[in-house]
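Taking it in order: structure first as structure tokens, then the write-up.
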């Protein structure tokens with residue numbers, strides 16, 4: 001670019017000739033040049049601003065368009081890092097301690113009808129009634145002809161039924177996928193598992209929710225997608241549960257009992273290996289709860305964890321434990337058993353008259369109510385309450401079952417001296433068989449508290465709080481063993497397994513007050529092997545009667561004890577326990593025989 | 001010089017656009033493949049669930065007991081009892097059949113030691 005000179009020679013000379021100031025020419029030229037420069041600068045700045053404005057406009061438009069697209073489009077899952085989300089993963093399995101499946105899911109179909117789409121309503125109704133016998137063709141047709149746009153017909157149908165409905169060829173009958181909970185073992189462990197039902201329902205899927213038992217208790221765990229389908233492992237052992245249910249069922253039938261319950265618990269960890277309550281139900285088709293009458297008569301009622309019973313003389317061992325541990329007595333201390341013991345309007349009697357006095361061991365072995373009551377009086381109600389509280393007999397069961405957590409043991413409203421005396425032999429305080437099993441486990445495992453649990457504990461659990469000393473625990477084990485060797489539970493002897501235990505026979509309370517004369521709850525709390533117990537077994541029979549003798553016998557020694565012995569005989573080998581005797585030499589198994 | 005630079009820049013833009021286009025389609029194809037695989041996985045998992053349920057159902061203790069009762073003559077299975085525990089001494093050693101020892105023992109099919117010939 002050629003610059004205009006500030007002082008053009010021609011102009012300067014002519015100005016000089018005219019006598020003007022040549023500097024003014026320069027000033028004028030400088031002004032013009034500056035104006036030019038300013039104009040150029042402004043145009044440049046304006047264009048820059050314009051470009052910048054365009055950029056901003058483009059940016060805002062882009063953001064706006066994206067926002068509008070996001071707002072208008074359907075939400076979509078991120079595809080690349082998603083888990084394979086299928087309906088089958090909705091609820092985790094439940095397995096037993098060895099990994100056998102207790103509950104799993106199965107994909108089935110639901111059936112619904114959309115009457116506006118239907119062509120031949122009459123034929124469809126007839127065919128449906130033929131496929132599903134409980135549907136009524138006339139009623140169906142009435143519903144199809146009503147104004148309804150949508151009718152649920154079945155929640156779960158089998159693949160065969162799907163095919164049959166397909167074969168009707170009716171476009172208004174439609175299927176939706178459904179996940180259903182399957183309990184392959186049927187009635188086995190029904191009370192532990194509970195059952196599941198449908199929650200919120202849509203056409204394409206339905207929520208499966210646990211309605212009772214562990215299904216309800218661990219509902220959020222089982223449905224948590226964060227677990228990635230990790231199964232819930234219970235402490236139950238399927239094989240042991242099977243054997244126990246079979247033996248208990250047989251015993252219940254033989255003894256004409258109304259109901260029965262049994263619990264097998266590990267004495268150290270509190271793991272429940274088997275829990276049976278009879279009568280039971282099929283969790284695949286959970287019956288409806290009773291709307292009238294006693295809820296305890298329903299098969300849904302869990303007699304082992306939910307049922308509260310006065311467990312009778314099984315409580316005497318608690319009195320003995322307290323007496324030994326508090327230094328009130330030794331196993332050989334003589335206790336007065338002179339009867340009948342009168343206290344106000346109450347009279348305490350023994351089953352037989354045991355004479356003037358018995359040693360503490362014999363009070364347990366012969367099961368003397370009077371001896372036990374006398375001991376409890378000496379110990380005092382305050383200590384007794386604190387001890388029973390430590391054993392967990394005052395609080396609801398900490399077992400992982402929704403229904404168990406609601407049943408709080410029934411205690412006397414006012415703990416008078418007569419309460420102290422009757423509770424010392426198990427009357428006036430109602431607790432569940434699992435309560436009893438946990439308390440026995442705490443006493444015989446060396447004296448440390450045990451929390452019953454239905455979950456498999458991976459490592460050895462930490463030792464609980466001390467309840468009684470190790471020596472007391474050993475003395476109690478010896479007493480329990482003697483009850484079987486020479487006491488009320490002589491039928492519990494299972495060769496090789498040194499069973500110890502305590503019987504309890506309690507009259508059933510009448511609903512209106514008072515007690516039945518001929519209806520009892522027979523309980524046997526067993527430990528085996530007695531020297532170093534591994535398991536506690538509690539068997540409770542509701543209204544059993546043994547009729548092989550001249551007079552019907554109802555005491556636990558004739559009812560609950562033989563059933564418990566048979567359970568131990570069947571279950572102990574399954575648990576891998578070797579009998580501590582020489583096997584009979586007569587049966588000489590050799591491999592070469594085969 | 002300058003025009004060469006412009007031409008190169010334009011070529012580079014075209015090249016990058018081509019690459020981005022290809023990557024875009026490759027990504028979409030991969031995503032579709034992933035989706036298909038995940039559908040297959042889901043299906044396989046569902047099938048596995050059904051098989052596991054069926055296995056558990058067929059192996060339920062009640063059915064096994066009924067089967068063992070039905071086949072008692074052949075199987076002679078009894079519930080496990082304390083008497084069934086035995087001592088190791090009760091199990092006799094299988095009688096040694098020396099004739100069998102004479103037969104060639106094929107320790108490993110491919111590298112049978114030549115010494116084995118000598119034993120015969």
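The values are calculated or read from the model by the stated rules, or taken from the named source; none is laboratory data. These numbers come from a predicted model, not from an experiment. Here Cβ is always computed from backbone atoms with ideal geometry, including for glycine, and neighbour counts include all displayed protein chains.
Kindly indicate which of A:242, A:314, A:333, A:291 is touching a strand residue (DSSP E or B) at 6+ places or on another chain (Cβ under 9 Å) and free of Cβ contacts under 8 Å to residues at least 40 places away in the same chain. Step by step, each of A:242, A:314, A:333, A:291 is checked, and only A:333 is touching a strand residue (DSSP E or B) at 6+ places or on another chain (Cβ under 9 Å) and free of Cβ contacts under 8 Å to residues at least 40 places away in the same chain. Only one of the numbered conditions (1) buried (at least 17 other Cβ atoms within 10 Å of the Cβ); (2) within 20 Å of residue A:555 (Cβ to Cβ); (3) touching a helix residue (DSSP H, G or I) at 6+ places or on another chain (Cβ under 8 Å) is violated by residue A:433, and that is (3).
Restricting the search to strands (runs of 3 or more DSSP E) fully inside region A:463-555 and requiring at least 1 residues that are assigned by TED's automatic domain parsing to the domain that holds residue A:568 and free of Cβ contacts under 8 Å to residues at least 60 places away in the same chain gives A:500-509, A:515-528.
Scanning region A:348-361 for residues that are surrounded by fewer than 23 Cβ atoms within 10 Å (Cβ to Cβ) and in a helix (DSSP H, G or I) yields one hit, A:361.
Condition test on residue A:567, is it buried (at least 23 other Cβ atoms within 10 Å of the Cβ), touching a helix residue (DSSP H, G or I) at 6+ places or on another chain (Cβ under 7 Å) and within 14 Å of chain B (Cβ to nearest Cβ)? Spelling it out, residue A:567 is indeed buried (at least 23 other Cβ atoms within 10 Å of the Cβ), touching a helix residue (DSSP H, G or I) at 6+ places or on another chain (Cβ under 7 Å) and within 14 Å of chain B (Cβ to nearest Cβ). Has region A:189-200 got at least one residue that is in a helix (DSSP H, G or I) and at pLDDT below 85? No. Scanning region A:107-124 for residues that are within 19 Å of residue A:176 (Cα to Cα) and either at pLDDT below 85 or in contact with a helix residue (DSSP H, G or I) (Cβ under 8 Å, 6 or more places away or on another chain) (or both) yields A:107, A:108, A:109, A:111, A:113, A:115, A:118, A:124. Could you tell me whether residue A:248 is surrounded by fewer than 23 Cβ atoms within 10 Å (Cβ to Cβ) and either more than 23 Å from residue A:405 (Cβ to Cβ) or in contact with a helix residue (DSSP H, G or I) (Cβ under 7 Å, 6 or more places away or on another chain) (or both)? Taking the combined requirement at face value, the residue does not satisfy it. Note on region A:317-329: residues that are part of a helix (DSSP H, G or I) and either at positive phi or in contact with a strand residue (DSSP E or B) (Cβ under 8 Å, 6 or more places away or on another chain) (or both) total 1.
Which residue, of A:258, A:253, is under 26 Å from residue A:524 (Cβ atoms), without any contact (Cβ under 8 Å) to a residue 40 or more places away in the chain and more than 14 Å from chain B (Cβ to nearest Cβ)? That would be A:253, the only listed residue that is under 26 Å from residue A:524 (Cβ atoms), without any contact (Cβ under 8 Å) to a residue 40 or more places away in the chain and more than 14 Å from chain B (Cβ to nearest Cβ). Return a yes/no flag: does region A:430-445 have any residue that is free of Cβ contacts under 8 Å to residues at least 60 places away in the same chain and part of a loop (DSSP other than H, G, I, E, B). No, because not a single residue in region A:430-445 is free of Cβ contacts under 8 Å to residues at least 60 places away in the same chain and part of a loop (DSSP other than H, G, I, E, B). At least 1 residues being at pLDDT below 90 is the threshold, and among the helices (runs of 4 or more DSSP H) wholly inside region A:209-311 those reaching it are A:213-217, A:219-223. Condition check for residue A:414 on (1) outside any loop (DSSP other than H, G, I, E, B); (2) farther than 21 Å from residue A:448 by Cα: one failure, at (1). In the set (1) within 14 Å of chain A (Cβ to nearest Cβ); (2) surrounded by 10 or more Cβ atoms within 10 Å (Cβ to Cβ); (3) in contact with a helix residue (DSSP H, G or I) (Cβ under 9 Å, 6 or more places away or on another chain); (4) modelled with pLDDT under 90, residue B:95 fails one condition alone, (2).
For region B:33-60, a residue qualifies if it is facing chain A (nearest Cβ under 9 Å) and loosely packed, with under 11 Cβ neighbours inside 10 Å, but none of them does. When A:233, A:217 are checked against the criterion of being surrounded by fewer than 20 Cβ atoms within 10 Å (Cβ to Cβ) and more than 23 Å from residue A:107 (Cβ to Cβ), A:233 stands alone in meeting it. Counting the residues of region B:61-87 that are part of a loop (DSSP other than H, G, I, E, B), at the interface with another protein chain (Cβ under 8 Å from one of its Cβ atoms) and touching a helix residue (DSSP H, G or I) at 6+ places or on another chain (Cβ under 9 Å) gives 4.
Residue-wise test of (1) touching a helix residue (DSSP H, G or I) at 6+ places or on another chain (Cβ under 8 Å); (2) under 27 Å from residue A:444 (Cβ atoms); (3) assigned by TED's automatic domain parsing to the domain that holds residue A:304.
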position: A:189; (1), (2), (3): yes, yes, no
position: A:205; (1), (2), (3): yes, no, no
position: A:209; (1), (2), (3): yes, no, no
position: A:213; (1), (2), (3): yes, no, no
position: A:220; (1), (2), (3): no, no, no
position: A:254; (1), (2), (3): no, no, yes
position: A:260; (1), (2), (3): yes, yes, yes
position: A:266; (1), (2), (3): yes, yes, yes
